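So the structure is just underneath, and the comments pick up after that.
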Amino acid sequence: MTKQKVMGHIAGADIRMIRIFKTVVNCGGFSAAEAELNISRAAISIAMSDLEQRLSLKLCNRGRSGFSLTDEGKQVYLATQKLLSSHQEFQQSISSIHSELKGNLDIGITDSLITLPRMLITNSLKSLKLKAPEVNVNIEMIPANEVIKSLLDGRIQIGVAPVFNINPGLNYIHLYDEESNLYCSHEHPLFHLADHEITPEHITQCELVSPSYQQPAEIWKHLQQFKRSAQASDREGVAFLILTGCYIGYLPTHLASKWVDSGQMKPLLPSQFSFVTPYAALTHKEITPNLVLSAYLSALQQRIDTNSGEQMSTQIPAFC
């Protein structure tokens, strides 16, 4: 029997097949990977078959019983993660050699920060673009836990997220202390009562929009006292439900201000129902920043220094 020749060196086509394999595994099958890869299921199947032939290994089972990795496929998937991470690090290292600022800046940001009055992220991006017009900026709006995961996986170079705890694999640059209050809309029964007429008992008897996104443990404990009859996956969803007049809910003051100013919302006993969440810019400790990321971090630090007159806290959020 002739022994099959296995992969001796990695070519560009191999990297493409390996990336397709990783995406198929992450998505849990060929069909789910179609939208992610933006190629047909037939093209995915061909790439997977070519990779199996190239490696002389059966990587997965596919058919009526569904998609699953073979034992060999599981080992190849682990090797794939290491290879692609090293490949990205190599690309970033090469990029850092060039004197001209070219390449990508991949950023992951949690939702609803655009209304913050101190536009550190926006102004820093403007500074980078003026300095390096050929840089391509990619912004992905993702939940806080996905920001952390994407940084550690190497899918993004910098993230902006609330600080609930410290991950030892990341660097933290403090940006904001975001204040949140409890709000009702002008159609809610509490809206037309004066502050001295509202008691904490009135508030905790109201139906509350409960956030399904990540929150610190002390905030989840605080929410237990409310009648939580609705959920929202982000702060914009909370605002939608507050504006129905059927619910109360927590929003950042910078996000709620437009509705407060127009008379559509008001805060409820902010001295008792408010909390502060610190936000930070995050980078991977183990990956040396390339020229593009270094330039952006420099621009960001300059903006922070400009606002140094404002007191900045790095504490974990706590209720007032």
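Just to verify a number: FRET efficiency for T70 and S294, C-beta to C-beta distance, R0 = 45 Å, to 0.05?
On the way: r = 42 Å, r/R0 = 0.94.
After rounding to 0.05, the efficiency reads 0.60.
Ordered by packing density, taken as the mean number of other Cβ atoms within 10 Å over each peptide's residues, highest first, how do 179-188, 62-71 rank?
In decreasing order of mean packing, 179-188, 62-71 become 179-188, 62-71.
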- Query: Helix 120-131: angle to the longest alpha-carbon principal axis of the chain, degrees 0 to 90, nearest 10?
  - Reply: 50 degrees
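Going by how many other Cβ atoms sit within 10 Å of their own, how do V160, V276, V135 line up, fewest first?
So the residues, fewest neighbours to most, are V276, V135, V160.
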- Relative contact order of the chain: what whole-number percent is it, with Cα pairs under 8 angstrom and at least 6 residues apart? 21 percent
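Say R0 is 30 Å: what FRET efficiency, to the nearest 0.05, do R118 and E236 get from their beta-carbon distance? Intermediate values should be presented prior to the final figure.
Working: r = 20 Å, r/R0 = 0.68.
Taking R0 as 30 Å, the efficiency between R118 and E236 is 0.90.
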- Check cross-link reach from K58 to the lysines: straight Cα distance under 27 Å, and skip same-chain residues fewer than eight apart. K3, K5, K22, K74, K82
- What FRET efficiency, computed as 1/(1 + (r/R0)^6) with R0 = 22 Å and r the Cβ-Cβ distance, is obtained for L269 and T244, rounded to the nearest 0.05? 0.55
- Of Y176, Y77, how do they rank once you tally other Cβ atoms within 10 Å and put the fewest first? Y77, Y176
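Please compute the length gained on full extension between T23 and E179, using 0.36 nm multiplied by the number of residues separating them and subtracting their Cα-Cα distance.
52.3 nm
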- Message: Compute the angle between helix 291-306 and the longest alpha-carbon principal axis of the chain, please, reported from 0 to 90 degrees and rounded to the nearest 10.
- Response: 10 degrees
- Item | With Cα atoms, 0 to 90° folded angle of helix 41-55 axis to the chain main axis | 50 degrees
- Item | Inter-label distance for V137 and D153, nm, one decimal - labels placed 7 Å from Cα along Cα-to-Cβ | 2.4 nm
- Of the peptides 191-199, 109-117, 249-257, how do they stack up when ordered by the mean number of other Cβ atoms within 10 Å, highest first? 249-257, 109-117, 191-199
- Message: At 0.36 nm per residue, and after removing the present C-alpha to C-alpha distance, how many nm does the segment from N165 to H192 gain when stretched out fully?
- Response: 5.8 nm
- Query: Taking 0.36 nm per residue of separation and subtracting the Cα-Cα distance, what length does fully extending V276 through E89 add?
  - Reply: 63.7 nm
- Note on the structure: Along the stretch 148-157, Karplus-curve 3J(HN,Hα) (6.51, -1.76, 1.60; θ = phi - 60°) to the nearest Hz, with x for Gly and Pro, reads 4, 4, 5, 5, 5, 7, x, 6, 10, 9
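Based on Cα coordinates alone, diagonalise the gyration tensor for the chain, multiply each eigenvalue by 5, take square roots, and list the semi-axes in whole Å, largest first.
Details: eigenvalues 407, 142, 49 Å².
Equivalent-ellipsoid dimensions as semi-axes: 45, 27, 16 Å.
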- Item | Amide H partners (placed H, <5 Å) of L208, local residues excluded | K227, R228, S229, A230, I248
- Message: If I build a Gaussian network model for the chain, linking alpha-carbon pairs within less than 10 angstrom, which residue out of S262, S233, S124 has the largest mean-square fluctuation?
- Response: S262
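Read the figures in this text as sums done on the coordinates, not as results from a lab. Being a predicted model, the structure only gives us computed values, none of them experimental. Every residue, glycine as well, gets a Cβ built from its backbone with ideal geometry; the counts of neighbours run over all protein chains shown.
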